[in-house]
Amino acid sequence: MALFQRTRPASVPPTPDSGAGLSLRAKWAIGGAIGGGALTGLLATGSSALAVYFARRVITPARQRTADQEVLAVIRDGHQQQVILAANDDTTVDGVYGFFFDGGKGHARIGRIVSYSPAERTVAREVEAVYSGDLSQARWGWWSGAVYPDPAAVGIPAEDVLIDVDRGQAPAWLVRAGGTARTWAVMVHGRGASRQEALRAVGPALELGLTSLLVSYRNDGLAPSADDGRYGLGSTEWRDIEAAIEYALANGAEEIVLFGWSMGGAICLQAADLSRYRNLIRAMVLDAPVIDWVTVLAHHAQLNRIPSLVGRYGQLMLGHPLGRRLTGLSAPVDLKAMDWVSRAVELRTPTLIIHSVDDEYVPYKPSALLAERNPEIVTFEAFNHARHTKEWNADPERWESVVKAWLRQQLAPRLNPGGIRQGTDAAAPEDQLSSSQDRPGE
């Protein structure tokens, strides 16, 4: 979920605990102090242009990803290929990743590290598959957690379906579990990503007997755009997830499990809070979720060397009615309502949070704090050296094991007051749920 592409100076390390030393309460106290008529005065200052720029970048969808990863060479040995890349914090983490090139037309799956030269700042990695394009001709591209281009590449049968949303229809992939699955997984990708991101979770969902719906939502390039063409950071997008839940219920689902990555996690939290179907959401699995936008925005202001006060002015513009004229939002974004650290006790949906402590885009501490403040509802699983939303990529076996073990507990048949077990096909007996099968396509 890159709010800004390739703008972090190398000398400024990502710091999980951001916010220029101010507590959350202090930040909002300052925001309130400069509210109302003070905003008009702010616009006359020299820093206002930077604050407007910061605010607009947060909520404006990028039309094209920045190709910021250099390809130095591609070596072929028979049917095997290796790619030599410029070494950086992403390419030197072991695991399996996606690499997009040629403006996104090319897509390759990059595997294990073959060799690494810190002195030359190069890394050689195995090329596991090239789905499209000619990697040998690539010179620049971008690193991604999206390993597969579509369900067919994973070896999973899927249907293309359309979900009725505001302003039209949003495409989704429907992956049916065997039998009559009454529990469906609705999977929500992050900011600037696509439903490809969710393909990593389909295998575990199938093993648990869950039918999966991998959705698109407003402004992601597949679903219809919002009226204002701006991200609501979860405050508007959750309605498209409610529409997906409605589709699932109309097609046999009785309960829902939400999966969300990055901003997709913020969207899931809003759906669990505001949707009319919230009582049917059995559980949530959130990967590197945005738990508190104030912390995330303060973090990005720091990474981009934007003065902290200017960053807070930008936040104010997002949430103040007068700021709409500058940001282009049709309605203010209530960042305070999406602060789940402060609202921890209000979260009543069982939630698993997976978050790497070295996440460079979304600091992990709000995730840990949410679990600390609501331990009966929230389970926090920390990863190391996985970067943002790439916990699965760095260690797929651990990620899947954690998700399956936790969901088995949540989906286990529950006793009603009379002591008679009630369950669904997805909430099968433990011995049935624990029967393992190979991940599709591997």
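Annotations for the structure displayed:
- Number of the condition not met by Q169 [criteria: (1) in contact with a Leu (Cβ under 8 Å, 6 or more places away or on another chain); (2) touching a residue at least 60 places away in the same chain (Cβ under 8 Å); (3) over 23 Å from D273 (Cα atoms)]: (2)
- Screening R112 on (1) among the basic types (K, R); (2) in contact (Cβ under 8 Å) with a residue 24 or more places away in the chain; (3) over 14 Å from A153 (Cβ atoms) shows it passes everything except condition (2).
- In the stretch 70-106, the residues that are in a loop (DSSP other than H, G, I, E, B), in contact (Cβ under 8 Å) with a residue 40 or more places away in the chain and touching a Pro at 6+ places or on another chain (Cβ under 9 Å): D89, G95, V96
- Count - residues of the stretch 320-340 that are within 20 Å of T295 (Cβ to Cβ) and of a type in the set (A, V, I, L, M, F, W, C): 5
- Selection count where residues are in contact with a Pro (Cβ under 8 Å, 6 or more places away or on another chain) and either farther than 30 Å from K365 by Cα or open to solvent by less than 30 Å² (accessible area, probe 1.4 Å) (or both), scope the stretch 325-342: 2
Yes/no per residue for (1) under 24 Å from A193 (Cβ atoms); (2) at pLDDT 95 or above:
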residue	(1), (2)
K365	yes, yes
F380	yes, yes
A386	yes, yes
E391	yes, yes
Q409	no, yes
A412	no, no
A427	no, no
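- On the stretch given as the stretch 106-132, residues that are in contact with a Lys or Arg (Cβ under 8 Å, 6 or more places away or on another chain) and open to solvent by less than 30 Å² (accessible area, probe 1.4 Å) total 5.
- Filter result for A337 (among the aliphatic types (A, V, I, L, M), within 20 Å of the chain's Cα centre (by Cα) and assigned to a strand (DSSP E or B)): no
- In the stretch 353-381, the residues that are closer than 22 Å to E400 by Cα and part of a loop (DSSP other than H, G, I, E, B) reach residues that are open to solvent by less than 50 Å² (accessible area, probe 1.4 Å) and at pLDDT below 95 with C-beta atoms within less than 7 angstrom, at least six apart or across chains, in these pairs: V357/P16; V362/M1; Y364/P16.
- Residues (closer than 25 Å to A62 by Cβ and of a type outside the set (A, V, I, L, M, F, W, C)) located in the stretch 96-118: Y97, G98, D102, G103, G104, K105, G106, H107, R109
- Hits in the stretch 81-105 (condition: under 30 Å from N384 (Cβ atoms) and either in contact with a Cys (Cβ under 6 Å, 6 or more places away or on another chain) or open to solvent by 50 Å² or more (accessible area, probe 1.4 Å) (or both)): Q82, D89, D94
- If you filter the stretch 155-175 down to residues that are crowded, with 18+ Cβ neighbours inside 10 Å and part of a loop (DSSP other than H, G, I, E, B), you find that the one that is modelled with the lowest pLDDT is I156.
- Failed condition for Y148, given (1) under 30 Å from A86 (Cα atoms); (2) open to solvent by less than 10 Å² (accessible area, probe 1.4 Å); (3) touching a Leu at 6+ places or on another chain (Cβ under 7 Å): (2)
The values are calculated or read from the model by the stated rules, or taken from the named source; none is laboratory data. These numbers were taken from a predicted model, which means no experiment stands behind them. Quick reminder, even Gly has a Cβ in these numbers, built from the backbone with ideal geometry, and neighbours come from all protein chains shown. With ligands, DNA and RNA removed, areas are computed over all heavy atoms of the protein, side chains included. Shrake-Rupley method; radii C 1.70, N 1.55, O 1.52, S 1.80 Å.
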